[in-house]
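The values are calculated or read from the model by the stated rules, or taken from the named source; none is laboratory data. This one's a predicted model, so the numbers in the text were calculated from it and none came from an experiment. For neighbour counting, all protein chains shown are included, and Cβ atoms are generated from backbone atoms with ideal geometry for every residue, glycine included. To get the accessible areas, we keep the full protein, side chains included, count just its heavy atoms, and leave off ligands, DNA and RNA. Shrake-Rupley method; radii C 1.70, N 1.55, O 1.52, S 1.80 Å.
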Amino acid sequence: MRTRTWRAASIIVFAGLCAGASLDAQHVLRTSRLKMGLNARGEIVRLADAKDGRDHAPAGEPGYLVRVKSGGRELRPTGMTAGTGVLTFVFDRGIRLRVRASEKAEYIRFELTEAAPAGTIEAVLWGPIKTTIAATIGEVVGVVRNADFAVGLQTLNAKTCGGKLVNDEGTTGGRTTAGAEPFGASLQAFTVNQARDRILTVWPQHRNVPVKALPGFKLEGSALAVFGTAPADVLPLIGRIEIAEGLPHPMIDGAWAKTSTVPGRPYLIANFSEATIDAMLAYARRLGFATLYHGGPFKTWGHFDLLEGLFPNGRAGFKRCVDKARAMGIRVGCHTLTNFITTNDSFVTTAANRGLMAAGVARLGKDVDAATTAIVVDREDYFAQESTLNSVIIGTEIVRYRDVSGTGPFTLTDCVRGAFGTAAAAHAEGDEARKLMDHPYKTLFPDWPMQEDLIRNLAGFFNETGTAQMDFDGHEGACYLGRGDYGHVHFVEAFLGRVDHSVLNGSSNVGHFYWHFNSYINWGEPWYASFRESQSRYRFELQPFYERNYMPNMLGWFLMTPDTRLEDIEWMLARAAGYRAGYAFVAEYETFQKNPAADAIIEAVRTWEEAKRLGVFSDEQRARLKDPERDFRLERAGEGRWTLQSFDKIRFEHRKKILQPGQPTGSAWAFDNAFDPQPLHLHLLLEGGVDAEARGIEIEVDRFFKAAVPGILKKGQSLVWDGSESLLLYGDKGRLLERIDLGRALPLLSTGRHTVTVEAGLAGSGEPVLRGAIKLKTTSEALCGTETPSHLHQ
C-alpha cells in the first residue's frame, strides 16, 4: 500500500511539474536584434537583446502583449496558444482574441484579427510591455533606451492609440505610451471599441454624454510594431517602419520631416493684410525666416470666412499673398482652433446647427411659443453642469438660459430666444432639448458628421489658397466629441489627407500616432508677463521633453512690441542658439514701424540665426548660452566670423529695514569692473503682494551721482537705466510706461571698484522687495563658420 501511495503521489507531483513547465514554456518571437518570449499564460517573460543575450524584462514582473477591458474591469489573459503566425488569447467572460504575429527583420508586427464577442469588449489593451530600461523614456514616441539598447512600440493606425487607458473616452494627454515604473519602464497602447453606443464623461465637466457608435468601426485591424535596436538607430528604424507599414512619412524638400532642419526653424507671426503683405514679406526676408504665419485671418471658424478688412478680395486676395511669398521662397501659414466653431458661423446660424455636438439630451415638459422665457424640461443634470454659453438647441432654434430651477419638473429661466441669429419658434411638449457642448472661448463644437464637413471646409481653404503651415491649436477640442485620442488624431489624418500639398504643423496637444504627422511642438506664450518672464521656466523645461521624443527644439512664442529692447531679444536668441531651437517671433507691421530698435533687432536675429545654422558654437558655449541668467551679444566680425560678447550680472536686493531714527535705510553694494570703461546697465524689479509698492526711489552711484525716481513703482513694474540721461519705467508685461528724464548722463564706469546704493520706501503685503541686477560686459570670443552664410530659407 505504501508503494502504491508513493507512486500515486509521485505521478501527481510529476503531472503538476509538467503542467508548470508547460505554462512557463516560452513561445519566442525574433528580429535581428530582439527576442520576445511569451508563456502559456500570455505573459511576456523575456525581452532580450539578440546581440548580447541580455534580458531586459524585469524578473518577477511579467508584462502582457494584450489584455481587454470588459464590464468595467481590465482582464488579463487566462491562457495563450501559439499557432503558425497566430497567437490566441482567452479571457474570463468567454472573450477570445486572435493576434497575427509577423516576425520582420527589424520589428515584430502584431495585428488583431478577431475579437469575440465584440459587444462585450470595451477596449483592447496592448501591453504593458515591461522592461528594466529607463534611462531615457520617450513618453510620446513610445521608446525607452539606455546607453546600449532601446525598446520601442509603434502603433500602426489611428485607432490604435498609444498610452494608458485611464478613462472611458480614451483621452490620455499623449504622454503615456512609455512611462516610468518601479521596475524600470512600460510601453502600452489601446483601442477603444467605437462600435458601441456609450454614455460617458467627456472632459471632467461634461458627464453622461451620449456618444453614438461609429458605423463600420471594428476592433479588428488594431495593430502595432515592437522593436529592439541600438539607441542610435531608433529614429532611422521608425522611418523604415513608417515606409514599410504605410504610415505617415512626410517629406520636406526631399528629406524626411523628422531629420529635416526645416521644422525647427523660427518663423514670423503677423496679422498681415493684402495692403501690408509686401512689407511683411520684406521683414521676413530681412529676418531670414522661411515662414510668415497669420495669427488670425478668419471671421468665422467652421466655414473659415476671411476678415474683409484684411482681405477685401477674400480667398483670391489671400492666395495672392501666398503666391507672392512663394516667389520669394517663403511659406505662408495661418492660425485657427482646430474644430472650434464660432457662434457667427453658418454651422450655428442656419439649420445646419442640428449637427452641433450635444453634451446631453432632455425633452420639453410643456409646449412653448416663440416668446416663452421659462422653458420646462424633464431633467436638470445637463443644464446644471458648468458651461460658458448656457445654450440649448430645440429644433433649429438656439436658446440661451440663465439657470435651471425646480425639483421636477425643471425650468430653464430667463431664456433668450433665437440666440446667435437663429429664429425663435414654437415647440411642442416632448421635443428634444439638446444642451450644446461649448468652450470658455465662447465657441461650440461639431458632432462627428459635422466635423467631417468642417475638415472639408478647412482643407478647401488650404487647397484654394496654397497655405502651407498651421498649428492645430485647441487640438484637445477634437476630444470633446467623446472619441478620445482616436478623435484627436483622426482630425489631423482626415485634414492632411484632403490637402493636396505638404503642410507643416504643430499642435497644442501631443499624441503617439500624431507624432508621425507632426512637424514641431512650439509651446510657451508671451501674454502673461514680461518678455523674459512669460512662461520662461516652462519653455526651458520642455527642451529635454522634445529631445527624448525626437522632436525639434522650440522655445514658443515671443512678442515684440514697440517697447521691446534689443537686449531682451538677444536674451531669447542666446537661448535659441544654446538649444539649437526655433521659435515664433510675433511682431506686427506697426511694431516694426514704431520700435526705435527695429533695425538693430532685425540684424541681431539674422546674425544669431546664421551663426546657429552654421554650427559655430561649441558644446561648452552652448551650455552657457542655455543659462537664462546670462546675457550675450553676437556681432559680425566679417564674412563667416562673429564675436560673442558675454556679460556678468551682479544681483542684489533691497528690503524694508527697521532702524533707529536717522540711520540710513538704503542698501549698498560694491562690485568690480575688470574690463575697459563701460556704461552702467541697471535693472530694478519690484516683487511682493498684489498691493506692493515702492516710493521715493533714489539710486546713487559711486557716492557722487544720484538719480531720483518720482512717483510710485508697483508690483511687477521695473526700472531700466543704461547710464544715459533717461531712466525707463516698464509695466509688468514689458510695456514702456514712462521715460524719466534725469537731466544728465552717468559717466562710464572705469576699471576698478564701484558702488551702487538704492533707497526706497517699501509698503504692501507679501514682504515687498526691490530686486536689482547690474550687467557688466566681460569676455569676448571669436567664432568662425564653416561655410559662407546664405539666406536661411534657401
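Of the listed peptides 577-584, 732-739, 298-305, what is their order by residue-averaged count of other C-beta atoms within 10 Å, with the highest listed first?
Top to bottom by mean Cβ count within 10 Å: 577-584, 298-305, 732-739.
Using 20 Å as the Cα-Cα cut-off, could you pick out the over-long pairs in 299/442; 218/258; 319/442; 51/104?
Checking Cα-Cα distances, 218/258; 319/442 exceed 20 Å.
Which of the lysines could a cross-linker bridge to residue 366, judged by Cα under 16 Å and excluding same-chain residues fewer than eight apart?
Counting by Cα, and skipping residues close in sequence, residue 366 has no lysines nearby.
Identify the chymotrypsin sites (Phe, Trp or Tyr not before Pro) of segment 425-466 meeting these criteria: DSSP loop state and at most 14 other C-beta atoms within 10 Å of the C-beta.
Loop-located and lightly packed - 441.
Pairs 212/435; 35/69; 656/715: which are spaced more than 19 Å apart, C-alpha to C-alpha?
35/69
When ligands, DNA and RNA are left out and all protein chains stay put, how many square angstrom of accessible area per residue does the chain have with a 1.4 Å probe?
41
Nearest 10 degrees is fine. How inclined is helix 314-327 to the longest principal axis of the chain, computing both from alpha carbons?
That works out to roughly 70 degrees.
Summing +1 for each Lys or Arg and -1 for each Asp or Glu, what net charge is found among the other residues whose Cβ lies under 14 Å from the Cβ of residue 78?
Within the 14 Å Cβ shell, the charges total +3.
Restricting attention to segment 379-429, which trypsin sites (Lys or Arg not before Pro) occupy a DSSP loop and are surrounded by at most 12 other Cβ atoms within 10 Å?
Passing both the DSSP loop test and the Cβ count: 402.
Once the other residues with Cβ under 15 Å from the Cβ of residue 730 are scored (Lys, Arg +1; Asp, Glu -1), what is the net sum?
0
Angle check, please: helix 484-498 long axis (alpha carbons) against the longest principal axis of the chain (alpha carbons), in degrees 0 to 90, nearest 10.
Tilt relative to the chain: about 80 degrees.
With every protein chain left in place and a probe of 1.4 Å, what is the accessible surface of residue 715, to the nearest 10 Å²?
Accessible area of residue 715: about 90 Å².
Carbon and sulfur atoms: what percent of the 1.4 Å accessible area of the chain do they account for?
After summing per-atom areas, the C and S share lands at 50 percent.
With label points built 7 Å along Cα→Cβ from the Cα atoms of residue 212 and residue 665, find their separation and express it in nm.
Once both label points are built, they end up 7.1 nm from each other.
Per the Cauchy relation, a quarter of the hull surface: what is the mean projected area of the convex hull of the alpha carbons in segment 380-467, in nm²?
That works out to 7.4 nm².
So what's the angle, to the nearest 10 degrees on a 0 to 90 scale, between helix 234-245 and the longest Cα principal axis of the chain?
For helix 234-245, the angle is close to 50 degrees.
Among 165, 509, 463, which residue has its Cα positioned farthest towards the positive end of the charge dipole of the chain, with +1 placed on the Cβ of Lys and Arg, -1 on the Cβ of Asp and Glu, and the dipole taken about the Cα centre?
Going by the Cα projections, it comes out as 165.
Would you list, by chain and number, the lysines whose Cα falls below 20 Å from the Cα of residue 777, excluding same-chain residues fewer than 8 positions away?
List returned: 626, 649.
Sorted by packing (mean other beta-carbon atoms within 10 Å per residue), highest first, where do 481-491, 167-177 land?
Ranking, from highest mean packing down: 481-491, 167-177.
Suppose a student asked you for the relative contact order of the chain, using Cα pairs under 8 Å spaced at least 6 residues apart; what percent would you report?
For the chain, the relative contact order is 9 percent.
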